[in-house]
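The values are calculated or read from the model by the stated rules, or taken from the named source; none is laboratory data. Just so you know, these numbers come straight off a predicted model, no measurement behind them. Backbone-built Cβ (ideal geometry, glycine too); neighbour counts: all protein chains shown. These area figures cover heavy atoms from the full protein model, side chains too; ligands, DNA and RNA do not enter into them. Shrake-Rupley method; radii C 1.70, N 1.55, O 1.52, S 1.80 Å.
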Amino acid sequence: MLDIVDSVIAFEAENLLAGTTSMTDLIVTAVPVTPAPVDVIVVRSAHDWVTIEHLAHTGRNDRIARPARDGVALFWRFVIEKFGIHPTPTGAPPEQPAR
């Protein structure tokens, strides 16, 4: 979870995303936050695994579980695919080097 938060800051995307946390979850949505219903990405971690879900107001939800080491790349994949947010100036996903 901390690696994901650190990556949001490193890619200067804190003005593009709004989030909240609990003991085990990170919940993120795109800025500006609209009145409900709101699409969110939920990150959950447990026992060296991360589960990332896109909870859509349409009910077309997606969920992927992977080893925790894949969490940052998976988070950005969801942010790019679901919110259309590309935090790098080149538009390249953060896990890929800029050309």
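The condition of being in contact (Cβ under 8 Å) with a residue 40 or more places away in the chain, in contact with a helix residue (DSSP H, G or I) (Cβ under 7 Å, 6 or more places away or on another chain) and open to solvent by less than 60 Å² (accessible area, probe 1.4 Å) holds for only one of Ile52, Ile41, Ile64, that being Ile41.
Residues of the range 1-19 that are assigned to a loop (DSSP other than H, G, I, E, B) and within 14 Å of Phe78 (Cβ to Cβ): Ala13, Leu16.
Taken together, the residues in the range 20-63 that are within 16 Å of Ile80 (Cβ to Cβ), within 12 Å of the chain's Cα centre (by Cα) and in a strand (DSSP E or B) amount to 9.
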